[in-house]
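Each value in this text was obtained by applying a stated rule to the coordinates, not by laboratory testing. Just so we're clear, the structure is a prediction, and the values are computed from it rather than from any experiment. Note: ideal-geometry Cβ built from the backbone for every residue, glycine included; neighbour counts use all protein chains shown.
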Amino acid sequence: MTAPEGYVAVKRYDEIPEGGIVPFEVDDDERILVKLEGKIYALSGICTHEYAELAEGDLEDHVIYCPLHGSGFDLETGRVTALPATQPLPVYDVQVVDGVVYVSREPRQG
Amino acid sequence: MPGQRSCVILGGGVAAYGAAEALRAAGFDGPVTLVSAEPVVPYDRTTLSKAFLQGQKTAEEILLKPVEHYQGLGIELRLGQRASAVDLDRHELTLEPGERLPFDTLLIATGAEPVRLRLPGFDLPGVRYLRSLADAQALREDLSRAERVLVVGCGFIGAEVAASARTLGKQVTVVDPLPVPLAGPLGEEVGAILAEVHRRHGVELRLGQKVAELRGHRRAEEAVLESGERIACDLVVVGVGVRPAVALFQGSGLQIEDGILVDERCATGVPGVYAAGDVANWWHPAIGRRLRVEHFDNAAQQGAAAARAIAGDPQPYAPVPYFWSDQYDLNLQYAGYPGPWDQVVLRGDPAAPSVTAFYLRQGVVEAVVTINRPRELRPGRRLVEARARVDPAVLADPATDLRALAQAARAAE
Ligand SMILES: Cc1cc2nc3c(=O)[nH]c(=O)nc-3n(C[C@H](O)[C@H](O)[C@H](O)COP(=O)(O)OP(=O)(O)OC[C@H]3O[C@@H](n4cnc5c(N)ncnc54)[C@H](O)[C@@H]3O)c2cc1C
Ligand code: FES
């Protein structure tokens, strides 16, 4: 199975635990996968406030919280739901094909 | 929806920023003006004692949003303009030097100001306070030339400035009348852990001691403690607390008592006038008492809550207060209700330090602090939110899964 155009294979769907945050890299770029209620989300792995790895963060009600100062980002859109971050978190498109999770190389626009 | 009614946001801190965003997000389409005594758009004040002071960030980099963002929201900026008088009957502010600015609704977000020490010698040059970007720029400049820094007061500002000055290689002495840093908000157990961290980083702590006076010819050159000890210094930074910035509103008809009194919807007793952030003393419906909080997250969220009330969608404002402090590579986070507790339960390793502290009152978890243990903050916060009663032995037990505990508490709520 080859990756869809513009996507990279990251992990098997079954390897990601429900409610889990799994770090991965694309071209040295740190990102995370989140599985919530069976759905997979892909986001940048670094908080947009200062430097913190969101893989160490926490999930609550479809928001991922930064471990350092509590910035919140909407899993679906990357929108800031809690300061101090004011820049949205880049989010990536996800496709699951034959049990494999593929993530877009480029962030989703807008 | 109140149509073309106008709103003036008085203040240029994060409460004002949160309000500006939330007004438009809530569909408020009337004219909005943000008036700030500071010559810049709202910025992240919390970095002034940390990354900014250490020279790791520029003034540009700490802006919450650039100027254009406010233009995009259709918000008029009046920067570098201080309000010098207010007439709530006529719904009018006077801006220095004399211009009148009318409003239909007013959000007071004037924040807080440092308490000035009135002891002998504290009017000498070389004595600094830290609240605004301008203060931080001046302090950064002084720090670049200083070798021996005296920090008066070991609250959050004092502790963070001490950490930044040490990080820059300065000799640092901190004087505070309390036996450990931050004893008031965090208690002796956690304060002792922080004291050890500062000692390990080479800060000279003079705890349980008071400064009697400063001496010097043209600048502050030495401090004399009440004990008689003399400490040589070429820069003094004072962090002895802040006061809500209410001077403008004395005698205006608003109720003032440790801040401007507002209800759970951020409204004062005068129709159309609201307050939020460090200046606001509000009725917290979930705990049934008044609170005034001097932290970033509350200011941002309360500003937004007040804006929604102004836009016609008032909701009770009942957060679990939250804040952080970074000192050296230590990250401290707090979630909970300030106030008296009768037991502190520690979990983890105080020496590392990697600790979570729970503050209990009559068995109820009132607050949680994590030091270098961020993953326990949100589960701890959920326990606070659920007003959970948990056996202290269970909290302290490293085998306890806090997440599961928090989930159970939430379900039981
Ligand atoms: C150095 C420092 C470090 C901090 N670190 C942290 C931290 O790590 N974590 C944390 O949670 N909190 C921290 N805080 C606290 C946090 O910054 C404040 O709680 C927050 O800034 C409060 O926001 P505010 O908008 O209510 O008030 P402020 O930020 O104080 O803003 C008030 C604004 O109103 C303006 N103003 C006042 N009077 C007038 C007038 N008459 N006319 C026009 N304008 C007026 C002021 O110039 C100012 O722009 C820190 C504070 C300082 C000073
Ligand atoms: S680094 Fe994420 S909130 Fe500060």
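Our note on the geometry: Cα centres of the range A:59-82 and the range B:1-55, 22 Å apart. Using the Cα centre of the range B:1-104 as origin and beta-carbon charges of +1 (Lys, Arg) and -1 (Asp, Glu), tell me which of B:Ala37, B:Ser84, B:Ser6 is placed farthest towards the positive end of the dipole. My answer, from the dipole projection, is B:Ala37. Every pair of different Cα atoms in the protein assembly as shown enters the Kirkwood calculation, which places the hydrodynamic radius at 24.7 Å.
Taking Cβ atoms as reference points and 11 Å as the exclusive limit, the residues near B:Val203 contribute a net charge of +3, counting Lys and Arg as +1 and Asp and Glu as -1. The convex hull of the Cα atoms of chain A, projected and averaged over all directions, covers 6.5 nm².
Taking a straight Cα-Cα cut-off under 28 Å and skipping sequence neighbours fewer than 8 places away in the same chain, the lysines within cross-link reach of B:Lys57 are B:Lys65, B:Lys170. Tell me, how many Å apart are the Cα centres for the range B:211-259 and for the range B:66-94? If we compute the Cα centre of each part, the gap is 30 Å. Calculated from the alpha-carbon coordinates, chain B shows an Rg and a Dmax of 22.3, 66 Å respectively. Only lysines eight or more places from A:Lys39 in sequence, or on another chain, were considered; those with a Cα closer than 26 Å are A:Lys11.
Here's how it looks for B:Tyr43: its modeled amide H is under 5 Å from those of B:Leu64, which are all 5 or more places away or on a different chain. The residue list B:Ala162, B:Val127, B:Leu182 was ranked by how far each Cα lies along the charge dipole of the range B:108-198 toward its positive end, using unit charges on Cβ atoms, and B:Val127 comes out on top.
What's the local net charge at B:Arg361, with K and R +1, D and E -1, over the other residues with C-beta under 14 Å away? Around B:Arg361, the surrounding residues sum to +1. Only helices enter this figure: runs of n ≥ 4 DSSP H residues, each worth -39500 (n - 2.57), summed and divided by the residues of chain B, yield -7500 deg cm²/dmol at 222 nm to the nearest 500. The aspartates and glutamates whose alpha-carbon is closer than 12 Å to the alpha-carbon of B:Lys50, local same-chain residues fewer than 8 away aside, are A:Glu50, B:Glu160, B:Asp326, B:Asp329. Only Lys, Arg, Asp and Glu carry charge here, each on its Cβ (+1 for the first two, -1 for the last two); on that basis the range B:1-109 has a dipole of about 240 debye about its Cα centre. Each Lys and Arg adds +1 at its Cβ and each Asp and Glu adds -1 at its Cβ; summed about the Cα centre, the protein assembly as shown shows a dipole of about 1120 debye. Counted over the protein assembly as shown, the DSSP beta bridges are approximately 70% antiparallel. When the Cα positions of B:Gly18, B:Ile75, B:Ala393 are compared along the charge dipole of chain B, B:Ala393 comes out farthest toward the positive end, with charges on each C-beta of Lys, Arg, Asp and Glu. Taking Cα centre as origin and charging only the Cβ of basic (Lys, Arg, +1) and acidic (Asp, Glu, -1) residues, the dipole magnitude of chain B rounds to 320 debye.
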